[in-house]
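> Sharing a structure with you now.
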Amino acid sequence: MIDTIIPTTTEAAEPVTADGTPKMSARDVSVFYGPKQALQSVSVDIHDDKVTAFIGPSGCGKSTFLRCLNRMNDTIPAARVTGDISLDGQDIYASKMDVVQLRARVGMVFQKPNPFPKSIFENVAYGPRIHGLADGKNELEAIVEKSLKRAGLWDEVKDRLQESGTALSGGQQQRLCIARAIAVDPEVILMDEPCSALDPIATAKIEELIHELRGRYAIAIVTHNMQQAARVSQRTAFFHLGEMVEYGRTKDIFTNPREQRTQDYITGRYG
Ligand SMILES: Nc1ncnc2c1ncn2[C@@H]1O[C@H](COP(=O)(O)OP(=O)(O)O)[C@@H](O)[C@H]1O
Ligand SMILES: [Mg+2]
């Protein structure tokens with residue numbers, strides 16, 4: 001309510017309620033692993049033009065929630081998801097939803113870089129090939145080049161595309177995984193603590209990359225590093241014990257949270 005009082009055009013004073021139609025929308029999402037409930041009635045939106053950060057202490061359900069957004073939890077036999085999640089207004093849990101297609105539209109980058117034990121070229125070419133995105137060799141090469149460029153890796157690997165992806169440094173491997181996600185022309189990129197296995201320089205490169213990718217893809221990033229959330233995101237959702245406690249403009253969450261639990265977390269009272 002207070003948000004709507006001051007009419008102004010600056011981003012800072014715009015109410016989050018004016019964010020517009022979300023790219024993805026989660027409503028009342030709960031997740032159970034067998035009898036154990038890991039997420040309780042989470043509702044969050046993800047926007048095309050923004051980076052959304054999910055923060056909160058270890059075990060609070062951040063990865064579980066992220067995996068709901070491209071149905072990666074389907075691969076965990078004990079996991080059961082309830083609630084509604086839509087992509088461009090379409091129910092992603094509808095029986096007619098093609099899950100392989102969904103995971104191309106909503107790509108994922110994991111905590112530990114996981115390139116295939118194949119060449120750098122093949123790591124990026126694999127997705128476009130199985131999705132039939134390239135018409136011939138030249139087009140496939142063009143997709144690989146474009147994806148590696150967007151992932152900020154091209155200059156470092158262009159002369160050794162046939163070398164193994166696993167021979168790259170950790171930071172390069174993670175950018176290769178981002179290139180692999182980009183290659184199938186996603187609309188949303190989910191990143192689960194993408195820098196937690198990286199050194200500070202490699203981390204800075206990924207953060208810079210996230211800035212560059214913003215606007216082209218809707219991005220959601222899980223991080224337990226609050227400085228990182230503050231640097232890379234425009235919206236933040238704070239999770240605690242399976243609940244989404246507070247969602248808002250990143251700056252507000254870190255400087256002026258509404259909830260005591262958020263305040264306690266950002267001031268380091270528990271971690
Ligand atoms: N595959 C799984 N099977 C059973 N329990 C799980 C599984 N994955 C996560 N959990 C449990 O769900 C809760 C949330 O975990 P997770 O989503 O990984 O949290 P976070 O990413 O915030 O650290 C934790 O209690 C965790 O032990
Ligand atoms: Mg996690």
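A short reminder: the numbers here are calculations on the coordinates, not readings from a lab. Not measured: the values here are computed from a predicted model. Ideal geometry is used to build each Cβ from the backbone, glycine not excepted, and the neighbour counts take in all protein chains shown.
> Using r as the Cβ-Cβ distance of R105 and S169, and R0 as 30 Å, what FRET efficiency do you calculate, to the nearest 0.05?
Working: r = 29 Å, r/R0 = 0.98.
It comes to 0.55.
> Tell me which DSSP H helices of the chain clear both cut-offs, 18 Å or more of axial length from alpha-carbon atoms and a mean Kyte-Doolittle hydropathy of at least -0.5. Don't skip to the answer; put the middle values down first.
Working: long enough: 137-150 (20 Å, -0.92); 170-183 (20 Å, 0.03); 200-213 (19 Å, 0.34).
Helix filter hits for the chain: 170-183, 200-213.
> Here's something else I'd like to know. Which of K36, K96, K205, K112 comes first, and how do the rest follow, when ranked by fewest Cβ neighbours within 10 Å? Mind dumping the intermediate values first?
Numbers: K36 9, K96 6, K205 18, K112 13.
Least to most surrounded, the residues fall as K96, K36, K112, K205.
> Ordered by packing density, taken as the mean number of other Cβ atoms within 10 Å over each peptide's residues, highest first, how do 233-241, 173-181, 101-109 rank? Kindly include the intermediate steps, with their values, before the conclusion.
Numbers: 233-241: 23.2, 173-181: 26.2, 101-109: 19.6.
Result, highest mean Cβ count within 10 Å first: 173-181, 233-241, 101-109.
> Could you please rank M97, M24, placing first whichever residue has the fewest other Cβ atoms within 10 Å of its Cβ? Walk me through the intermediate numbers first.
Working: M97 13, M24 24.
With the sparsest Cβ surroundings first, the list reads M97, M24.
> Among S25, H224, I266, whose Cα projects farthest towards the positive end of the dipole of the chain, with charges put on the beta-carbon of Lys, Arg (+1) and Asp, Glu (-1)?
So the residue we want is H224.
> Counting only C-alpha contacts under 8 Å and six or more residues apart, can you give the relative contact order of the stretch 112-271 as a whole percent?
Contact order relative to length: 19 percent.
> For a protection proxy built on the mean count of beta-carbon atoms within 10 angstrom, sort 218-228, 243-253, 258-268 highest first, please. Before the final figure, lay out each step's value.
On the way: 218-228: 21.6, 243-253: 20.0, 258-268: 14.8.
Top of the packing list down: 218-228, 243-253, 258-268.
> Which of P200, P128, P22 moves most in a GNM of the chain, Cα contacts under 10 Å?
P200
> Got the relative contact order for the chain handy, in percent, Cα pairs under 8 Å and 6 or more residues apart? Before the final figure, lay out each step's value.
On the way: 503 pairs, mean separation 70.2, N = 271.
Once divided by the residue count of the chain, the mean separation gives 26 percent.
> If amide H atoms are built 1.01 Å from N in the plane of the peptide, which residues on other chains or at least 5 residues away come under 5 Å of the amide H of S30?
Here the answer is S41, V42, T82, G83, since their amide H atoms fall under 5 Å of that of S30.
> Return S95, S164 ranked ascending by Cβ neighbour count within 10 Å, so the fewest neighbours appear first. Don't jump to the answer; show the numbers that get you there.
On the way: S95 5, S164 15.
Taking fewest neighbouring Cβ atoms as first place, the list is S95, S164.
> Check the straight Cα-Cα distances from K149 and name the aspartates and glutamates below 18 Å, setting aside those fewer than 8 residues away within the same chain.
E122, E139, E141, D159, E163, D185, E187, E207, E208, E212
> Farthest toward the dipole's positive end in the chain, which of N73, S147, G248, given Cβ charges of +1 (Lys, Arg) and -1 (Asp, Glu) about the Cα centre?
My answer, from the dipole projection, is N73.
> At T75 and L133, where each label point lies 7 Å from the Cα along Cα→Cβ, what is the point-to-point distance in nanometres?
With each label placed 7 Å out from Cα toward Cβ, I get 1.8 nm.
> Further question: Take the residue pairs K50/K158; K36/K62; K137/K158; K62/K118; K118/K205 and return only those whose Cα atoms are more than 19 Å apart.
Details: K50/K158 30 Å; K36/K62 16 Å; K137/K158 17 Å; K62/K118 30 Å; K118/K205 24 Å.
In this structure, K50/K158; K62/K118; K118/K205 lie more than 19 Å apart at Cα.
> Could you size up the charge dipole of the stretch 42-120 around its Cα centre, putting +1 on the beta carbon of Lys and Arg and -1 on that of Asp and Glu, and report it in debye to the nearest 20? Don't skip to the end; give the middle numbers.
On the way: 10 positive and 8 negative charges, 92 e Å.
Approximately 440 debye in magnitude.
> Amide H of I221 versus every other amide H placed in the peptide plane: which residues, excluding those fewer than 5 positions away on the same chain, fall under 5 Å?
Correct list: T52, A53, F54, M191.
> Taking a cut-off of 28 Å, what percent of all Cα-Cα pairs in the stretch 22-266 are separated by more than that? Don't jump to the answer; show the numbers that get you there.
Details: 9451 of 29890 pairs.
Roughly 32 percent, rounded to a whole number.
> About the Cα centre, and with charges only on the beta carbon of Lys, Arg (+1) and Asp, Glu (-1), how big is the dipole of the stretch 76-119? Nearest 20 debye, please.
Details: 6 positive and 4 negative charges, 63 e Å.
With only Lys, Arg, Asp and Glu charged at Cβ, the dipole is about 300 debye.
> Moving on. Given +1 on the Cβ of Lys and Arg, -1 on the Cβ of Asp and Glu, and no further charges, what dipole in debye does the chain carry about its Cα centre, rounded to the nearest 20?
Numbers: 32 positive and 35 negative charges, 115 e Å.
Roughly 560 debye for the chain.
> How much of the DSSP beta bridge set in the chain is antiparallel, as a percent to the nearest 5?
Details: 24 of 42 bridges.
Expressed as a percentage, antiparallel bridges in the chain total about 55.
> Same structure, new question: For labels at N256 and D199 in the simple 7 Å Cα→Cβ model, what's the distance in nm?
Taking the two extended label points, one gets 4.1 nm.
> Run the quick spin-label model on E212 and E156: label points 7 Å from Cα toward the beta carbon, then report their separation in nm to one decimal.
1.1 nm
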